[in-house]
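**Student:** Questions regarding the structure given below will be posed in turn.
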Amino acid sequence: MEQFSFIACMPDKPGALHRAAEIITRHRGNINRIQYDRRIDQQTVFFEVTASPGAYGKIREELEKIGYLQTSLHPVAFLKFHVYLPNRPGALFELLNYITSAGSNITFLDFDDRGKHPERLVVSLNVENTELVDSLLNRLKSGYRLEILEYDTTGEKLDDTVFYLRFAQKLRVFLGDAEDEFLMRFLHDINHIAQELSNLDKDPREVFENILKVGETLNRTSGSGFYADVQRFRIRSGIELFSFQPPCGGNIYLFDTPEERVMIDSGYGIYFPDLVNMLQHYGFGDLNRIKRIYITHADADHCGAAGYFSAPSFLNRDTLKVARETSRAYGSTHQECILEEVYTKMINLFSRFNLPTNIEIFPDLPSREAYIEKRGSFPVIARFRIGGLEFEALQGLGGHMHGEVLYLCPEEGLLFPQDTLINFRSLSPERTEYNVLADYLMTSVNVDSNLARDERNALFSLISELDAELAPEGKKCIVCCGHGSVSVLENGRLLAYGSSERYGAGK
């Protein structure tokens, strides 16, 4: 027995769903999930079924035979026009014959012979076979006075009788030339998010709107719309640290030393061409001088562009597993959460996630707790050097994501805590609005909120210890947050440290 999924498009009449269920039951299929919401789409039903492959083939065959099986997502055009009917019996009937023969679905009619325009009929159509539109219009023009008001093939003007088809056409903007079969599987996954969040009293239409906002924001802020806030710090003679903060997603850090350049995190894949241009603007156009990339965790906004670089990416073995499982909840207490799983697939597709292939894995922790060296609450899993600076790779506690790694240079007090610590006050309204989308679609960006809180407290304790050690030199721990401004800790709060400049569209 295997699990299969399919989309059914049923007539809006009594008994239609019962007929589909009868076919599935007769072939010994077990319905694991079903979702139908008349508020969204009057005809579309999502199924997940457990059956033998042979039985599933027969189920599909019978459903297709009666016209219930959705097998493609062909674009549908929207046509709106005025037509002036003669004042005689049967005039409307004759017009409807033309429309029906063109395979068009009427979505709106408006006519009143006692109204302001007694001969004018307003017609709106959804046309599945766009090749017949010209033929229909030519036939109508030959017999009627006709005024075309709107003709749209993008899906923007379609009404809610074909909600999922219209939604799928909008998704194509973010997915490129995705084939119908792939798009239908993806639509099935997205519907699962809507079902889960509807059960949590979320408005399903708002769910779909927020999914589109994710893709739209990434598209709008890439290319000509890309910008970044940039901070730069002289760490030692000959060593500079750059913090690049893209419009969406995680920060990208770059160390420039005489011997090499080293990155911590890489940002979204969709921003890679923009990142290359930005690096060139700051004198780092030779990507071959970037010798290593250190990854903090598997979220697309932190490692999604790493695969576009030739430099090896250093990461935790569990981080690699999370990325390969395509679920940011993998390995956590929320491992079975469908919201986390589908969101990961969605954001990876929208952001053009490119998993690195040139990979160096950090050593696994010893099996016995007594042998684990720690920095505060965090096990030290590796050490490495960047231009004479010695760093420790610290195993995170897993509150934000399983497999997360923090990086620390104790001597200079440089801490890279990934998304466990973020200076939210430093985020622009646009960045905040984008970040809230992930929180909405997953209910939390942390796979374990209680553990994330404990992790933040442990980091604040570590920062306080480092501040005390650095105080005699007049230094403080510099917190290079996963998002927002590079910061320092003052009276229990993260405050922006240093100045920044704007690169790109918003300059």
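**Student:** If residue 457 satisfies all but one of (1) over 30 Å from residue 331 (Cα atoms); (2) free of Cβ contacts under 8 Å to residues at least 24 places away in the same chain, what's the number of the condition it fails?
**Tutor:** The single condition residue 457 does not satisfy is (1).
So that you can scan it fast, the table gives a plain yes or no per residue for (1) under 24 Å from residue 390 (Cα atoms); (2) part of a loop (DSSP other than H, G, I, E, B):
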position	(1), (2)
215	no, no
219	no, no
224	no, no
234	yes, no
254	yes, no
259	yes, yes
262	yes, no
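**Student:** Still on this model: Run residue 445 past the list (1) part of a loop (DSSP other than H, G, I, E, B); (2) surrounded by fewer than 20 Cβ atoms within 10 Å (Cβ to Cβ) and report the number of the one that doesn't hold.
**Tutor:** (2)
**Student:** With the requirement that a residue be in a loop (DSSP other than H, G, I, E, B) and charged (D, E, K, R), what does region 482-507 give you?
**Tutor:** Narrowing region 482-507 to residues in a loop (DSSP other than H, G, I, E, B): 482-486, 491-492, 497-500, 505-507.
507, the sole residue that qualifies.
**Student:** Test residue 276 against the stated conditions and say whether it is more than 30 Å from residue 166 (Cα to Cα), of a type in the set (Val, Ile, Thr) and without any contact (Cβ under 8 Å) to a residue 12 or more places away in the chain. Explain how you work it out, then say what you get.
**Tutor:** Values: more than 30 Å from residue 166 (Cα to Cα): yes; of a type in the set (Val, Ile, Thr): yes; without any contact (Cβ under 8 Å) to a residue 12 or more places away in the chain: yes.
Yes.
**Student:** Something else now. Inspect all residues belonging to region 461-481 and state whether any of them is in a loop (DSSP other than H, G, I, E, B), under 29 Å from residue 211 (Cβ atoms) and outside the structural domain of residue 215 (by TED's automatic domain parsing).
**Tutor:** First, the residues of region 461-481 that are in a loop (DSSP other than H, G, I, E, B): 474-477, 480-481.
Imposing the further condition that a residue be under 29 Å from residue 211 (Cβ atoms) reduces the set to 481.
If we keep only those that are outside the structural domain of residue 215 (by TED's automatic domain parsing) too, we end up with 481.
Checked against the condition, which is being in a loop (DSSP other than H, G, I, E, B), under 29 Å from residue 211 (Cβ atoms) and outside the structural domain of residue 215 (by TED's automatic domain parsing), region 461-481 yields at least one hit.
**Student:** On to the next question. Among the listed residues 279, 275, 287, 315, identify the single one that is closer than 30 Å to residue 175 by Cα and surrounded by fewer than 20 Cβ atoms within 10 Å (Cβ to Cβ). First the steps, then the outcome.
**Tutor:** On the way: 279 fails: surrounded by fewer than 20 Cβ atoms within 10 Å (Cβ to Cβ); 275 fails: surrounded by fewer than 20 Cβ atoms within 10 Å (Cβ to Cβ); 315 fails: surrounded by fewer than 20 Cβ atoms within 10 Å (Cβ to Cβ).
None of the other options fit; the residue is 287.
**Student:** Being over 17 Å from the mean Cα position of the chain (by Cα), hydroxyl-bearing (Ser, Thr, Tyr) and part of a strand (DSSP E or B): is that true of residue 243 here? Lay out the reasoning, then the answer.
**Tutor:** On the way: over 17 Å from the mean Cα position of the chain (by Cα): yes; hydroxyl-bearing (Ser, Thr, Tyr): yes; part of a strand (DSSP E or B): yes.
Yes.
**Student:** While we're on this one: In region 1-22, which residue that is free of Cβ contacts under 8 Å to residues at least 24 places away in the same chain and of a type in the set (D, E, K, R) is surrounded by the fewest Cβ atoms within 10 Å (Cβ to Cβ)?
**Tutor:** By that ranking, first place goes to 13.
**Student:** Condition first: within 15 Å of residue 77 (Cβ to Cβ) and touching a residue at least 24 places away in the same chain (Cβ under 8 Å). Now tell me which residues in region 109-136 satisfy that. Explain how you work it out, then say what you get.
**Tutor:** So the first thing to find is which residues in region 109-136 are within 15 Å of residue 77 (Cβ to Cβ), and the list is 123-136.
Scanning region 109-136 gives 123, 124, 125, 126, 127, 128, 129, 130, 132, 133, 135, 136.
**Student:** Let me ask another. Within region 23-56, track down each residue that is free of Cβ contacts under 8 Å to residues at least 24 places away in the same chain and surrounded by fewer than 12 Cβ atoms within 10 Å (Cβ to Cβ).
**Tutor:** 38, 54, listed by residue number.
**Student:** Given the conditions (1) buried (at least 18 other Cβ atoms within 10 Å of the Cβ); (2) more than 29 Å from residue 188 (Cβ to Cβ); (3) in contact with a Ser or Thr (Cβ under 6 Å, 6 or more places away or on another chain), report the number of the one that residue 77 does not fulfil.
**Tutor:** Result: residue 77 fails condition (2) only.
**Student:** Looking at 390, 412 in this structure, which one is outside any helix (DSSP H, G or I), in contact with a strand residue (DSSP E or B) (Cβ under 7 Å, 6 or more places away or on another chain) and either free of Cβ contacts under 8 Å to residues at least 12 places away in the same chain or surrounded by fewer than 16 Cβ atoms within 10 Å (Cβ to Cβ) (or both)?
**Tutor:** Details: 412 fails: either free of Cβ contacts under 8 Å to residues at least 12 places away in the same chain or surrounded by fewer than 16 Cβ atoms within 10 Å (Cβ to Cβ) (or both).
When all the criteria are applied, what remains is 390.
**Student:** Sticking with this one: Residues to consider are 123, 127; find the one that is aliphatic (A, V, I, L, M) and under 32 Å from the mean Cα position of the chain (by Cα). So that I can check it myself, show each step before the final result.
**Tutor:** Numbers: 123 fails: under 32 Å from the mean Cα position of the chain (by Cα).
Of the residues listed, the single one that is aliphatic (A, V, I, L, M) and under 32 Å from the mean Cα position of the chain (by Cα) is 127.
**Student:** Could you look through region 207-216, keep only residues that are surrounded by fewer than 19 Cβ atoms within 10 Å (Cβ to Cβ) and either in contact (Cβ under 8 Å) with a residue 60 or more places away in the chain or among the β-branched types (Val, Ile, Thr) (or both), and pick out the one that is nearest to residue 442 (Cα to Cα)?
**Tutor:** The initial filter retains those residues of region 207-216 that are surrounded by fewer than 19 Cβ atoms within 10 Å (Cβ to Cβ), namely 209-210, 212-213, 216.
Right, trim to either in contact (Cβ under 8 Å) with a residue 60 or more places away in the chain or among the β-branched types (Val, Ile, Thr) (or both) and you get 210, 213.
Numbers: 210: 12, 213: 15 Å.
Among those residues, the one meeting the criterion is 210.
**Student:** Here's another thing I want to ask about it. Quick check on residue 397: is it buried (at least 19 other Cβ atoms within 10 Å of the Cβ), in contact with a strand residue (DSSP E or B) (Cβ under 6 Å, 6 or more places away or on another chain) and not aromatic (Phe, Trp, Tyr)?
**Tutor:** Numbers: buried (at least 19 other Cβ atoms within 10 Å of the Cβ): yes; in contact with a strand residue (DSSP E or B) (Cβ under 6 Å, 6 or more places away or on another chain): no; not aromatic (Phe, Trp, Tyr): yes.
Considered against the rule, which asks whether it is buried (at least 19 other Cβ atoms within 10 Å of the Cβ), in contact with a strand residue (DSSP E or B) (Cβ under 6 Å, 6 or more places away or on another chain) and not aromatic (Phe, Trp, Tyr), residue 397 comes out as no.
**Student:** Then there is this: Quick one: which residue in 147, 181 is loosely packed, with under 13 Cβ neighbours inside 10 Å, outside the structural domain of residue 212 (by TED's automatic domain parsing) and either modelled with pLDDT of 85 or more or closer than 25 Å to residue 6 by Cβ (or both)?
**Tutor:** Working: 181 fails: outside the structural domain of residue 212 (by TED's automatic domain parsing).
Step by step, each of 147, 181 is checked, and only 147 is loosely packed, with under 13 Cβ neighbours inside 10 Å, outside the structural domain of residue 212 (by TED's automatic domain parsing) and either modelled with pLDDT of 85 or more or closer than 25 Å to residue 6 by Cβ (or both).
**Student:** Only one of these is among the polar types (S, T, N, Q) and closer than 21 Å to residue 307 by Cα: 266, 237, 198. Name it. Let's see the steps before the verdict.
**Tutor:** Working: 237 fails: closer than 21 Å to residue 307 by Cα; 198 fails: closer than 21 Å to residue 307 by Cα.
None of the other options fit; the residue is 266.
**Student:** Here are some residues: 152, 201. Which one is out of contact with any helix residue (DSSP H, G or I) (no Cβ under 8 Å at 6 or more places or on another chain) and either in the same structural domain as residue 340 (by TED's automatic domain parsing) or modelled with pLDDT under 80 (or both)?
**Tutor:** Details: 201 fails: either in the same structural domain as residue 340 (by TED's automatic domain parsing) or modelled with pLDDT under 80 (or both).
The conditions single out 152.
The values are calculated or read from the model by the stated rules, or taken from the named source; none is laboratory data. Here the structure is a predicted model, which means the values were calculated and not measured. Positions of Cβ are generated from backbone atoms using ideal geometry, with glycine treated the same way; all protein chains shown enter the neighbour counts.
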